[in-house]
Amino acid sequence: MENPADELSALRQLVNHRGVVEVLDLLARGPRTVRELRGEVGLRRPGVSRVLRLLAAYRLVALEVDGSWDETSAISGPVRLTGSGWRTVELLSSFAVWEALYEQQDPARDR
């Protein structure tokens, strides 16, 4: 994204979903199967499926084999980060980004 405010807004929406940061962190260590993600994140199948569909919608993850995000239990191959996924992990590795995500907006300052 070219606009930092848009990028922060998208990141804020993304990290507000349970399990997203944890899945991104695991995938930054290397591709994982859906089963491995479920075990390592500690979410049940529906939770991991929701997270993966969300990350796929943001184009942050991809499959190494053909498959559908609609039925993640049928995905046998590993899930990996895309270039955008790596950029997101990089951004979320910065304390300054987290600070910007959660800093209080001052309405008077925005006038």
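The values are calculated or read from the model by the stated rules, or taken from the named source; none is laboratory data. No experiment lies behind these values; they were computed from the predicted model shown. Backbone-built Cβ (ideal geometry, glycine too); neighbour counts: all protein chains shown. Heavy atoms of the whole protein, side chains included, go into the accessibility calculation; ligands, DNA and RNA do not. Shrake-Rupley method; radii C 1.70, N 1.55, O 1.52, S 1.80 Å.
Counting only protein heavy atoms, what percent of the accessible surface of the range 8-99 is carbon or sulfur at a 1.4 Å probe? Please list the in-between numbers first.
On the way: 2470 of 5250 Å².
Carbon-and-sulfur percentage of accessible area, whole number: 47.
Tell me the net charge near L43. Cut-off is 15 Å between Cβ atoms, L43 excluded, with +1 for each Lys or Arg and -1 for each Asp or Glu. Kindly include the intermediate steps, with their values, before the conclusion.
Values: positive: R18, R32, R35, R38, R44, R45, R50, R53; negative: E22, D25, E36, E40.
Summing Lys/Arg as +1 and Asp/Glu as -1 gives +4.
Could you check the simple spin-label distance between L8 and L91, using points 7 Å along Cα→Cβ, in nm with one decimal?
The answer from the label model is 1.1 nm.
Mind checking the per residue accessible area of the range 1-55 for me, 1.4 Å probe, whole number of Å²?
Values: 3270 Å² over 55 residues.
Per-residue accessible area for the range 1-55 comes out at 59 Å².
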